[in-house]
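The values are calculated or read from the model by the stated rules, or taken from the named source; none is laboratory data. Keep in mind that this is a model prediction, so the values were computed, not measured. Cβ: placed from backbone, ideal geometry, glycine included. Neighbour counts: every protein chain shown. Heavy atoms of the whole protein, side chains included, go into the accessibility calculation; ligands, DNA and RNA do not. Shrake-Rupley method; radii C 1.70, N 1.55, O 1.52, S 1.80 Å.
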Amino acid sequence: MAEILPATEEAIDKGASLLREGKLVAFPTETVYGLGACAFLPRAVARVFEVKERPFFDPLIVHVAEPGMAEELWERVDPRARLLIECFWPGPLTLVLPKRPVVPDIVTAGLPTVAVRMPAHPVALALIRKARVPVAAPSANLFGRLSPTLAQHVAKQVGGQIELIIDGGRCPVGVESTVIELVEEAVLLRPGGVPLEDIERVIGKVRVDFQAASPRSPGQLPSHYAPLIPLKIVPLETPPPLGLRVGFLAFRRVEHPEWFETVEILSPSGDLQEAAANFFACLHRLEEARLDLIYVEPVPEVGLGRAIMDRLRKASKALEYWK
Ligand code: TXA
Ligand code: MG
């Protein structure tokens, strides 16, 4: 079982040494916990895929501690990338641009581009700085399952297979980074922690491609982010079928708590930022509540609500998969 250490300087030093030795370290970011490996060590990166049971065609995000580190990974930095970096880094925005040969193919699944972001989390930044290498890190969950926003979530899914989990408490943003490709026209590949509206204010119109039928970014795979229990999006608080243990994930409030085995509320004040921060933790608790079915009420599809609804739709598509 992985050692779980609070995020002290000592733990960060230890994590940095492990990364340099080609070992895996889970660490907190502002979005979700990452499962990190040194991006320049293909065998360490291969181990990330193995531990996550992630298909090799799904490329990883490389984490850097400053924009200069990104410039060493990308072939060229597009003027739009410069603007976005100025506005949103450090932060939950990943940019996909043509890569340099130093980036191993296993990181990018053989694609000619590499996804890079600078996280806005002091522990993540200190770890990358101390390791002095870019860190390839997907979310620290098993492939297709719920993302981790607490160290215990990481321990539950992959703790048995890694060396160290650095515990930095709860991830404040709670949904993964927004992924934007800037090869030709700007394309949104995954809605996330930076709202699309904010990005368009800086670089103008962005093509939305994240619901495409044939995914160009594997985060677009239809079933993803799923609890181990079937999840269904219901238009309103709907009475559950008789005889089933049903949990309800509400946006602001519930009128009939007695209908459900258990109820989770994303944000009593209707704040989408708070809802995103609570989102995965609520789903983890529902997953553990021995239910037959989870009902979820949709949230408004603006700002961070877009990222939440994207994850909910993908989780609900897994319904047939788990049956
Ligand atoms: O917030 C986040 O981004 C978290 C934390 C740990 O930083 N990381 C994360 O990584 O969500 P992961 O591996 O779960 O998601 C990476 C996403 C996937 O949808 C992947 O397909 C896409 O980024 N991606 C990575 N490289 C790409 C590339 N070269 N072209 C297109 N999409 C890419
Ligand atoms: Mg993920």
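Taking the range 292-307 as the range and being out of contact with any Phe, Trp or Tyr (no Cβ under 6 Å at 6 or more places or on another chain) and crowded, with 22+ Cβ neighbours inside 10 Å as the test, the residues that pass are 294, 296, 304, 306, 307. Among the listed residues 176, 197, 181, which satisfies the condition of being in contact (Cβ under 8 Å) with a residue 60 or more places away in the chain, near ligand 1 (Cβ under 9 Å from one of its atoms) and surrounded by fewer than 24 Cβ atoms within 10 Å (Cβ to Cβ)? Result: 181 is the single residue among 176, 197, 181 that is in contact (Cβ under 8 Å) with a residue 60 or more places away in the chain, near ligand 1 (Cβ under 9 Å from one of its atoms) and surrounded by fewer than 24 Cβ atoms within 10 Å (Cβ to Cβ). Of the numbered criteria (1) open to solvent by 20 Å² or more (accessible area, probe 1.4 Å); (2) at pLDDT 95 or above; (3) more than 13 Å from ligand 1 (Cβ to nearest atom), the one residue 78 fails is (2). Each residue in the range 87-103 was checked for being farther than 16 Å from residue 75 by Cα and not in a strand (DSSP E or B), and 6 of them qualify.
The C-beta contact set for the range 80-100 (first residue polar (S, T, N, Q), second residue open to solvent by less than 20 Å² (accessible area, probe 1.4 Å), distance under 6 angstrom, 6+ apart or interchain) comprises 94/115; 94/117; 94/177; 94/179.
Applying the condition of being of a type in the set (Gly, Ala, Ser) and crowded, with 16+ Cβ neighbours inside 10 Å to the range 47-75 and asking which residue is nearest to residue 127 (Cα to Cα) yields 65. Counting only residues that are part of a loop (DSSP other than H, G, I, E, B) and within 15 Å of ligand 2 (Cβ to nearest atom), which one in the range 104-132 is most open to solvent (accessible area, probe 1.4 Å)? Among residues in the range 104-132 that are part of a loop (DSSP other than H, G, I, E, B) and within 15 Å of ligand 2 (Cβ to nearest atom), the one most open to solvent (accessible area, probe 1.4 Å) is 109. For the range 133-150, a residue qualifies if it is near ligand 2 (Cβ under 9 Å from one of its atoms) and within 15 Å of residue 44 (Cβ to Cβ), and the qualifying residues are 138, 140. Checking each residue in the range 1-19 for being modelled with pLDDT of 95 or more and open to solvent by 90 Å² or more (accessible area, probe 1.4 Å) picks out 9, 10. Number of residues in the range 145-160 that are touching a residue at least 60 places away in the same chain (Cβ under 8 Å), within 13 Å of ligand 1 (Cβ to nearest atom) and open to solvent by 10 Å² or more (accessible area, probe 1.4 Å): the value is 2.
Filtering 274, 264, 320, 301 for residues that are in a helix (DSSP H, G or I) and either under 30 Å from residue 198 (Cα atoms) or at pLDDT 95 or above (or both) leaves a single hit, 274. The condition of being touching a residue at least 40 places away in the same chain (Cβ under 8 Å), of a type in the set (Gly, Ala, Ser) and surrounded by 15 or more Cβ atoms within 10 Å (Cβ to Cβ) holds for only one of 267, 316, that being 316. Filtering the range 247-289 to residues that are aliphatic (A, V, I, L, M), out of contact with any Lys or Arg (no Cβ under 8 Å at 6 or more places or on another chain) and closer than 20 Å to residue 175 by Cβ leaves 249, 250, 272, 275, 276, 283, 286. Checked against the criterion of being in a strand (DSSP E or B) and closer than 26 Å to residue 271 by Cα, the candidates 175, 179, 194, 202 yield just one match: 179. Can residue 97 be described as in contact with an Asp or Glu (Cβ under 8 Å, 6 or more places away or on another chain), surrounded by 18 or more Cβ atoms within 10 Å (Cβ to Cβ) and over 30 Å from residue 306 (Cβ atoms)? In short, no.
Answer with yes or no whether residue 98 is at pLDDT 95 or above and more than 17 Å from the chain's Cα centre (by Cα).
Numbers: at pLDDT 95 or above: yes; more than 17 Å from the chain's Cα centre (by Cα): yes.
For residue 98, the condition - at pLDDT 95 or above and more than 17 Å from the chain's Cα centre (by Cα) - is met.
Only a single criterion out of (1) buried (at least 23 other Cβ atoms within 10 Å of the Cβ); (2) in a loop (DSSP other than H, G, I, E, B) is not satisfied by residue 22, namely (1). Inside the range 52-68, residues that are farther than 21 Å from residue 32 by Cβ and either within 13 Å of ligand 1 (Cβ to nearest atom) or assigned to a helix (DSSP H, G or I) (or both) make up a count of 4.
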